[in-house]
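Worksheet: the structure to be examined is printed underneath.
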Amino acid sequence: MSKLKDTLYQKILDHRKRTTKLLKESGDTVIDEVKVSQIIGGMRGIKSLVTDISYLDPYEGIRYRGYTLQEVLSKLPKAEGAEMPYVEGLYYLLLTGEMPSKEEVEELMVTFRNRRIVPRYVWDVIDSFPSESHPMAILSAAVMSLERESHFNVKYKQGLNKMDYWDSTFEDATNLIAKMPLIGAYIYNKLYQKGKGHRYPDPSMDLGANFAYMMGKDKPYDDVSRMYFIIHADHESGNVSAHTGHLVASTLSDVYYSISAMINGLAGPLHGLANQEVLRWLQGLRNQMDGKLPNEDEMKQYVWDTLNRGQVIPGYGHAVLRKTDPRYTVQREFCLKHMPDDELFKYVDALYKVVPDILREQGKAKNPWPNVDAQSGVVQWHYGITEYDFYTVLFAIGRSIGVLSNIIWDRALGYPLERPKSVTTDMLEKMVGST
Ligand code: FCX
């Protein structure tokens, strides 16, 4: 057994006792109440999921296993000369709650390296898509096509003990994480770098550096990839992509079905696709300005025009956060260091100065502050990834690490099939006494 798997197993054995005790001694304790506005309003704020992998505080932002993003970025081991840590180390941290040593990460890198090979039929699936297809649709189908590789399914058919579900799920999850960057880069090269061919991974490189290599990008794009995959990895369990992955996995569908579904949820403009929407929206402003940087009044006008058309300002607002997203801040700091004179970064910076006040004045959005998506496309654009349809694929590769870690733990703790109860409007009216 690898060090990671061994550590994980010990953690699982300890944790099972806590879950059993909670259920046995406090199963009937009331934790939350549900209001009509929450039932009609997308279940905002109802405490009804449990995960120990990350927690989202409305004012502080995300913590992974108790660590802030800044702590994660400074404490996880890094490659020689790298600014951002190994993505492989994040998987170790999310799964075990322990900050890995460099040796532990190196062992995991070997594990990933040995599982990278993508079967030929997956390339065929990708190649068969028309070139106007959205890269998220291609990614979803490519992951789905891998389903026949599931160890969990084979074992389940053979008669698997419930206590062992986590083990083959771990094998499937690790296999999929190892392959996701290759699939993502292949989709990019097929759609946007025709004729250049696809670069296969370099065995000496870590996941982030390899992704940059396969995309044909020089330094510091290796650090951009590491940063990007790490900050997008998890955002507790109620967001659409994480929740979809968990929900589908709760039926004991394998990780390929679950992650394909996760990708489909992430592909909506109110969720992951917002990062491409930000770029599209900024390009609209840029075209309108004929390339010159708008002044504050022109910027304000563009924001108001968008709102007056009944549209949202992409990259702003959040269902849980009530402050600037620390994932925005991490990327902003990277931009200030590496690309302070970038034209689009200046747009983003200028927007930060006007949008929160306008959203407050409009009085609808509960959170007027920027989220992760307000910054992320600009970084990609700067390094030559100008095909913004592709940005959510990068989000999906990162998010799969958190969602897969959660699914392994769901199986380890025996979380059941998810099945909330619905009521009819008639019933609701009777319950509130309005008929
Ligand atoms: N611009 C304009 N209006 C906004 C807004 C924004 N950025 N954010 C929220 N609002 C509006 C909502 O549309 C809603 O209007 P309504 O009453 O007419 O339906 C009202 O304000 C209340 O919404 P609120 O409770 O603040 O926000 P929700 O939890 O319903 O929605 C999202 C949260 C993120 C969907 C919303 O803020 C939004 O649409 N933002 C723009 C898209 C975006 O950036 N999404 C990415 C979010 C995230 F980081 C991610 O998942 O990647």
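Quick look at the values:
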{"read-out": "Cα gyration tensor shape of segment 54-105, rounded if a/c is under 1.5, else prolate or oblate by comparing a/b with b/c", "value": "oblate"}
{"read-out": "Per residue Cα convex hull volume in Å³ - calculated over segment 224-276", "value": "82"}
{"read-out": "Cα centroid separation, segment 242-271 to segment 303-322 (Å)", "value": "25"}
{"read-out": "Residue-wise HN-Hα coupling along segment 14-27, computed from phi with Karplus coefficients 6.51, -1.76, 1.60 (Hz; x: Gly, Pro)", "value": "5, 5, 4, 5, 5, 5, 4, 5, 4, 5, 6, 8, 9, x"}
{"read-out": "Phi to ³J(HN,Hα) by Karplus 6.51 cos²θ - 1.76 cosθ + 1.60 over segment 76-93, Hz, x for Gly, Pro", "value": "5, x, 10, 6, 3, x, 7, 8, 10, x, 5, 5, 4, x, 5, 4, 4, 5"}
{"read-out": "Estimated FRET transfer efficiency (GLU132, ASN308; beta-carbon r; R0 30 Å; 0.05)", "value": "0.45"}
{"read-out": "Rounded if a/c under 1.5, otherwise prolate or oblate - segment 327-435, Cα gyration tensor axes", "value": "oblate"}
{"read-out": "Cα gyration tensor shape for segment 1-131, rounded if a/c is under 1.5, else prolate or oblate", "value": "prolate"}
{"read-out": "In segment 302-372, the trypsin sites (Lys or Arg not before Pro) that fall in loop regions by DSSP, at most 11 other Cβ within 10 Å", "value": "ARG309, LYS364"}
{"read-out": "Taking MET144, MET215 and counting other C-beta atoms within 10 Å, the order from fewest to most", "value": "MET144, MET215"}
{"read-out": "Ranked LEU413, LEU293, LEU4, criterion: other C-beta atoms within 10 Å, fewest first", "value": "LEU293, LEU413, LEU4"}
{"read-out": "Cα Rg, Dmax (largest Cα-Cα span) when computed across the chain, Å", "value": "22.1, 69"}
{"read-out": "Segment 274-382: projected area of the alpha-carbon convex hull, averaged over directions, in nm²", "value": "6.2"}
{"read-out": "Placed amide H near TYR316: partners under 5 Å, 5+ positions off or other chain", "value": "ASN371"}
{"read-out": "R0 of 30 Å, Cβ-Cβ distance LYS196-ILE117: FRET efficiency to nearest 0.05", "value": "0.90"}
{"read-out": "³J(HN,Hα) computed for each position of segment 293-310 - Karplus, 6.51 cos²θ - 1.76 cosθ + 1.60, integer Hz, glycine/proline x", "value": "6, x, 7, 4, 5, 5, 5, 4, 4, 5, 5, 4, 4, 4, 5, 5, 7, x"}
{"read-out": "Förster radius 56 Å - calculated FRET efficiency between GLN362 and GLN158, Cβ distance, rounded to 0.05", "value": "0.45"}
{"read-out": "Length released on extending from LYS353 to SER434, taking residue separation times 0.36 nm less the Cα-Cα span", "value": "24.6 nm"}
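Computed from the coordinates by the stated procedures, all read-outs in this text should not be read as laboratory data. Computed from a prediction, not measured in an experiment: that's the story for all the values here. Positions of Cβ are generated from backbone atoms using ideal geometry, with glycine treated the same way; all protein chains shown enter the neighbour counts.
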